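Colleague: Can you keep this structure in mind? I'll have questions shortly.
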Amino acid sequence: MKITVIGAGPAGNYSAYLLAKQGHDVSVYEEQPVIGIPWACTGVITEDVFSRQFRLPDEIVATRIEKAHIIAPDKSEVEVKLKNDIVVNRAAMDQHIASMAKGAGARYYVNHRFISLQQNGKVTATIRNKNLGSEVKVESDWLLGADGPRSEVAKAAGIFGERKFYIGLQVTAKMENDNAIRFYPSEKGIAWTVPESKNVVRAGIAAEKHANIYFDEFMTAAVGKDYKERIIGHQAGPIPLYNPKLQTQKGKVLLAGDAAAMVKAPTLGGINQSLIAATAVAEAAATGKDYEKLWKAKMGRDLWLSLIMRKIMNRFSDKDYNKLIKIFGSYKNKKILESFDRDEPRKFAFKLLVQEPRLLLMSGKLLF
């Protein structure tokens with residue numbers, strides 16, 4: 001089969017690799033001139049994710065993290081031990097997976113912008129070569145949209161649907177640190193500092209509104225009044241909120257990763273989900289099984305539970321966050337947080353609620 005992939009991020013590249021390895025004729029079209037640049041991501045992921053899929057070279061790992069601090073608005077905090085968490089060089093990661101796909105036989109075309117599509121048994125995509133200013137029509141048996149949160153493929157296929165976005169603002173800045181992630185939940189949104197090295201951090205916020213104001217307040221408090229002078233790189237972009245009602249397939253067009261809003265809602269990360277989606281794309285191509293059923297069987301319940309958690313968190317006041325972090329500070333609750341994969345809330349959410357009735361009371365009061 002001939003398969004066209006739009007977008008060379010984690011979902012597109014890993015799908016291309018798996019599909020090419022199956023023997024399909026795979027072409028990947030990327031709008032940017034260099035794969036992986038620009039990027040907008042903290043790059044935090046559990047290394048076990050990659051070990052289940054493929055080995056990530058050591059040179060792509062910026063640092064390994066053993067602990068995180070969750071800090072309340074009143075400055076109280078809880079320290080949580082992490083297992084096998086790494087911070088990756090995101091551009092290098094995308095380029096590495098693309099090289100895997102090329103090695104399996106996939107062809108790549110950078111500086112090519114998706115314009116439109118038509119379906120009539122097969123899929124015909126119109127793609128503009130930005131180098132030449134010309135357009136080509138590419139016919140394929142399947143087309144995968146892995147072109148980010150504002151997916152033009154989803155719009156062209158008529159399955160963009162209703163989407164909500166957080167605005168993510170992040171910088172890379174010079175800052176001495178102790179190699180620990182710091183996570184700052186509040187009623188304004190989410191904020192973080194993530195170490196890239198001993199003297200560089202990725203610091204940023206995600207908010208539904210007033211993002212610029214929140215960003216300035218957070219950076220001044222967490223990095224310093226001179227934070228603008230410390231900045232060595234900028235990353236920003238919309239972050240989709242998972243919506244279980246979104247359609248991810250129409251005819252021969254599939255969506256994966258951010259293009260399908262496959263993002264874990266509490267922390268708004270999506271690398272793992274993009275890789276899982278790619279395995280569903282490959283399985284659907286190999287077996288003819290329903291794509292939506294495949295990816296939902298792999299991660300649909302976790303994404304739904306994560307969305308419920310986010311909806312509750314969105315109604316928290318700063319006082320609620322102070323109370324929540326105090327609850328998580330107990331030894332037995334910390335152990336649950338440290339023992340389970342945060343990408344799989346189905347494995348720990350119920351146990352945590354049963355063990356800690358105060359969480360059930362808080363969530364029930366705010367959800368209903």
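Values quoted throughout were computed directly from the atomic coordinates according to the rules given, and no laboratory measurement underlies them. The model shown is predicted, which means the values in this text are computed figures rather than measured ones. Neighbour counts run over all protein chains shown; Cβ positions are idealised from the backbone, glycine included.
Colleague: What's the center-to-center distance, using Cα atoms, between segment 83-97 and segment 149-214 in Å?
Modeller: Each part reduced to its Cα centre gives a spacing of 17 Å.
Colleague: Over the chain, what is the percentage of antiparallel beta bridges among all DSSP beta bridges, to the nearest 5?
Modeller: 75 percent
Colleague: Give me W304, W142 ranked fewest to most by other Cβ atoms within 10 Å of their Cβ, as a rough exposure proxy.
Modeller: By the 10 Å Cβ count, ascending: W304, W142.
Colleague: So, counting K/R as plus one and D/E as minus one, what does the shell of residues with Cβ under 12 Å around R310 add up to?
Modeller: +3
Colleague: Normalised by the residues of the chain, what does the relative contact order come to in percent, with Cα pairs under 8 Å and at least six apart?
Modeller: Relative CO of the chain lands at 19 percent.
Colleague: What is the local net charge at K122, summed over the other residues whose Cβ is closer than 11 Å to its Cβ (Lys, Arg +1; Asp, Glu -1)?
Modeller: 0
Colleague: Let me ask something else about it. How far is the Cα center of segment 289-333 from the Cα center of segment 1-44, in Å?
Modeller: 29 Å
Colleague: Could you order peptides 312-324, 265-277 by the average number of other Cβ atoms within 10 Å of their residues, highest first?
Modeller: Those peptides, ordered most packed to least, come out 265-277, 312-324.
Colleague: What share of all Cα pairs of the chain, in percent, falls into each consecutive 20 Å distance bin?
Modeller: 29, 57, 14, 0
Colleague: With Cβ to Cβ distances under 14 Å as the rule, what net charge do the other residues near Y291 carry (K, R +1; D, E -1)?
Modeller: For residues surrounding Y291, the net value is +2.
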